[in-house]
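Asks: Take a look at the following structure, please.
What follows is calculated from the coordinates using simple rules that are stated; it is not laboratory data. What you are looking at is a predicted structure, and each value in this text was computed from that prediction instead of being measured. Virtual Cβ from ideal backbone geometry, glycine too; neighbours counted across all protein chains shown.
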Amino acid sequence: MTRPPRLGPDVAAIPDYDRNQPTGIVHLGVGAFHRAHQAVYFDRLLSQGETGWMIRGASLRSAGVADQLNPQSGLYTCVEQDRGGEVSRVIRSVRDVLVGPADPRRLVAAMAHPDIALVTLTITEKGYELDPGTGALNLDSAAIRHDVEHPDSPQTGPGYLVAALARRRAEGLAPFTILSCDNLPENGRRTRAAVVELARQTDPGLADWIAETTAFPCSMVDRIVPATTEADIEALAVREGYRDAGMVKAEAFSQWVVEDRFCNRRPPLERVGVEMTLDVAPWEKIKLRLLNGAHSALAYLGGLAGYTHVHEAIADPHLRAFVEALWDEVEPTLDRPDGFEAAVYRQALLDRFANPALAHRLHQIAMDGSQKLPQRLLATLADRRAGGRNSPALKLAIAAWMRWQGGEDARGNRFTVDDPMADRTRTAFIAGGGDPDRIVANFLAMGTVFAPRITVDQEVRAGLSAALGGLLRSGDTTLMWPAG
Ligand code: CS2
């Protein structure tokens with residue numbers, strides 16, 4: 001059998017728009033989520049005849065995506081997978097991919113180019129170098145210290161933004177709009193805090209200029225994008241007759257809500273289904289607490305029980321009842337924007353989680369829990385305590401995260417905990433010597449994850465200990481919650 005050709009302009013039958021047009025966007029963190037979300041919206045916009053919104057992608061760590069996409073002229077396939085079947089579309093909005101560490105100055109120069117009006121970000125929660133619990137820039141981080149000492153050849157997302165803005169200011173150019181597309185609460189405000197604070201370390205005048213001139217709109221992004229596997233690439237090759245090392249797969253559902261506050265040219269995203277609004281915060285909270293909160297809870301509790309995928313975990317009657325109880329706890333903490341109906345939203349989430357075609361691995365979601373827990377579960381718990389409400393499902397989810405840090409499921413299978421704080425969380429777990437009170441105390445002592453209003457709360461402490469004690473004794477962690 002001959003090997004299928006690699007995807008490229010001459011291989012796929014691609015409907016046309018002229019890709020030889022100005023690049024208006026630099027995107028930092030060109031992973032699967034960006035390729036299945038923002039880049040798809042911009043591809044649609046360009047297909048409608050809008051110009052000036054091609055994307056220059058950038059990786060801040062490895063050359064992996066550049067090696068996948070550059071030989072394909074930036075082209076890749078987005079495969080939508082639902083129960084009804086699959087729909088593939090070749091996405092053309094990414095021109096090429098730069099690799100930050102290979103040549104940091106080249107990336108800074110690309111961002112400072114006069115055509116660039118917008119810098120979008122999916123650098124993951126940890127990429128902002130903020131304390132997850134407080135949102136303050138982590139000035140002790142080695143990467144931030146590097147960027148303070150070498151502002152012209154940065155390593156971090158905030159470092160690149162500061163370097164490029166400094167150059168634009170020096171050259172008399174307007175700043176670009178900075179649009180965070182990560183699952184952080186008030187992601188625009190947090191990005192602004194990180195960038196202004198970092199600039200202040202080296203150039204207070206620049207910090208003031210950024211604070212006055214640069215817009216950091218908030219945005220809520222939503223699409224489930226499981227990691228692509230080699231089997232997915234093979235299956236696409238069989239179906240389409242070409243090999244695409246950069247393919248991504250996603251559910252059909254996609255949502256993007258963007259705060260309408262730009263300081264430079266603004267793409268007319270409303271033409272391709274993006275909701276432009278003045279206040280994103282209620283939507284962010286709904287999504288972080290209902291979708292991502294349940295995702296993380298299922299990852300730890302379902303993962304400890306030995307499940308591999310989201311659709312398998314949500315089919316377990318105990319875990320399904322647990323997720324429903326968690327959502328009952330979340331609901332009173334939400335501000336309800338017009339058009340939001342909790343019952344409809346929850347049912348849609350259940351259907352999305354149950355999608356077997358995605359094969360979304362719980363381990364993918366379990367990653368970086370120390371960065372995710374504050375906005376997904378801990379803030380909800382704190383809000384409920386302030387309202388005098390008990391939260392057994394939230395406590396069980398948080399206790400399951402603590403148990404997960406031991407790196408062993410309830411059946412004794414070992415796994416690697418993938419988290420920037422894995423050493424500290426593992427020590428917190430091990431040093432507890434199997435005593436739930438001590439383990440919980442060790443975790444609550446981590447000020448960067450747990451806000452003070454949680455750590456000083458004796459009722460929360462006792463509830464977490466009781467839940468963790470049950471999890472440590474249980475050979476089947478799903479039984480920790482009664483089936484509905
Ligand atoms: C998931 C998210 O991996 C995770 O932590 O919860 O990536 C989730 O799939 C997306 O936010 C859905 O929009």
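Asks: Which percent, to the nearest 5, of DSSP beta bridges fully inside region 23-277 are antiparallel? Could you put the intermediate results ahead of the total?
Replies: Values: 12 of 36 bridges.
Close to 35 percent.
Asks: Defining a contact as two alpha carbons under 8 Å apart and six or more residues distant in sequence, what relative contact order in percent does region 135-180 show? Could the numbers behind the result be given before it?
Replies: Details: 27 pairs, mean separation 9.2, N = 46.
So the answer I get is 20 percent.
Asks: What fraction of the Cα pairs in region 1-136, stated in percent, has a spacing above 22 angstrom? List each step's numbers first, then the result.
Replies: Details: 3825 of 9180 pairs.
More than 22 Å apart: 42 percent of the Cα pairs in region 1-136.
Asks: Evaluate the Kirkwood expression for the hydrodynamic radius of region 422-475, namely the inverse of the mean inverse distance over all pairs of different C-alpha atoms, and round to one decimal in Å. Please list the in-between numbers first.
Replies: On the way: mean 1/r = 0.0882 Å⁻¹.
Evaluated over region 422-475, this radius sits at 11.3 Å.
Asks: Using all Cα-Cα distances in region 23-277, what percent lands in each 5 angstrom bin from 0 up to the longest?
Replies: Spelled out per bin, shortest first, that is 1, 6, 14, 18, 20, 17, 12, 7, 4, 2, 0, 0.
Asks: So, with +1 on the Cβ of K and R and -1 on the Cβ of D and E, and no other charges, what is the size of the charge dipole of region 23-277 about its Cα centre, to the nearest 20 debye? Don't skip to the end; give the middle numbers.
Replies: Working: 27 positive and 34 negative charges, 101 e Å.
Using only the charged Cβ atoms, the result is roughly 480 debye.
Asks: Specify the inter-centroid distance of region 150-186 and region 398-426, based on alpha-carbon positions, in whole Å.
Replies: 35 Å
Asks: Continuing with the same structure: So what's Rg/Rh here for region 212-313, counting alpha carbon atoms and using the Kirkwood radius for Rh?
Replies: 1.08
Asks: Tell me, rounded to the nearest percent, the portion of alpha carbon pairs in the chain spaced more than 36 Å apart.
Replies: Value for the chain (Cα pairs over 36 Å): 31 percent.
Asks: How are the Cα pair distances of region 382-460 distributed, in percent, across 10 Å bins from 0?
Replies: Computed distribution, short to long bins: 17, 49, 28, 6.
Asks: When the scattering of region 1-79 is computed by the Debye formula from its Cα atoms alone, each counted once and equally, what is log10 I(q)/I(0) at q = 0.19, 0.20 Å⁻¹?
Replies: Scattering profile of region 1-79, log10 relative to I(0): -0.90, -0.99.
Asks: Output the Cα-based Rg and Dmax of region 88-165 in Å, rounding Rg to one decimal and Dmax to a whole number.
Replies: Expressed in Å, the Cα Rg and Dmax of region 88-165 come to 14.2, 46.
Asks: Still on this structure, I have one more. Using only DSSP helix segments of four residues or longer, with each worth -39500 (n - 2.57), what per-residue ellipticity at 222 nm results for the chain after dividing by its residue count and rounding to 500? Numbers along the way, then the final one.
Replies: Details: 22 runs with 207 residues, N = 484.
Taking each H run of at least 4 residues, the total per residue is -12500 deg cm²/dmol.
Asks: For region 138-269, just the Cα set please: Rg and Dmax, both in angstrom.
Replies: Here Rg and the maximum Cα pair distance are 18.8, 57 Å.
Asks: I would also like to ask the following. Taking the Cα centre of the chain as the origin and placing charges on Cβ (Lys, Arg +1; Asp, Glu -1), which of Gly172, Pro267, Val280 is farthest toward the positive end of the dipole?
Replies: Gly172
Asks: Sticking with this one: Mind running the shape call on region 281-480? Use the C-alpha gyration tensor, a ≥ b ≥ c as the square roots of the eigenvalues: rounded below 1.5 for a/c, prolate if a/b tops b/c, oblate otherwise. Intermediate results must be reported in sequence, preceding the final value.
Replies: Working: a/c = 1.70, a/b = 1.18, b/c = 1.44.
Oblate shape, in that a/c is at least 1.5 and b/c is the bigger or equal ratio.
Asks: For region 309-363, restrict the atom set to alpha-carbon positions and state the Rg and Dmax in Å.
Replies: That works out to 12.5, 35 Å for Rg and Dmax.
Asks: Can you tell me the dipole magnitude for the chain around its Cα centre, using point charges on the Cβ only (Lys, Arg +1; Asp, Glu -1), in Debye to the nearest 20? Don't skip to the answer; put the middle values down first.
Replies: Details: 53 positive and 61 negative charges, 65 e Å.
Dipole size: approximately 320 debye.
Asks: Once both labels are modelled 7 Å past Cα along the beta-carbon direction, what's the Ala170-Ala354 spacing in nm?
Replies: Label at Ala170, label at Ala354, 5.8 nm between them.
Asks: A further question on this structure: Could you give the dipole magnitude of region 301-413 about its Cα centre, charging the beta-carbon of Lys and Arg +1 and that of Asp and Glu -1, in debye to the nearest 20?
Replies: Values: 13 positive and 14 negative charges, 60 e Å.
Value, rounded to 20: 280 debye.
Asks: Once you keep just the Cα pairs under 8 angstrom separated by 6 or more residues, what percentage relative contact order results for the chain? If you can, show how the numbers build up before the last one.
Replies: On the way: 890 pairs, mean separation 69.5, N = 484.
Relative contact order, the chain: 14 percent.
Asks: Continuing with the same structure: Calculate the FRET efficiency for Val87 and Arg426 from the Cβ-Cβ distance with a Förster distance of 41 Å, rounded to the nearest 0.05.
Replies: Numbers: r = 42 Å, r/R0 = 1.03.
That gives a FRET efficiency of 0.45.
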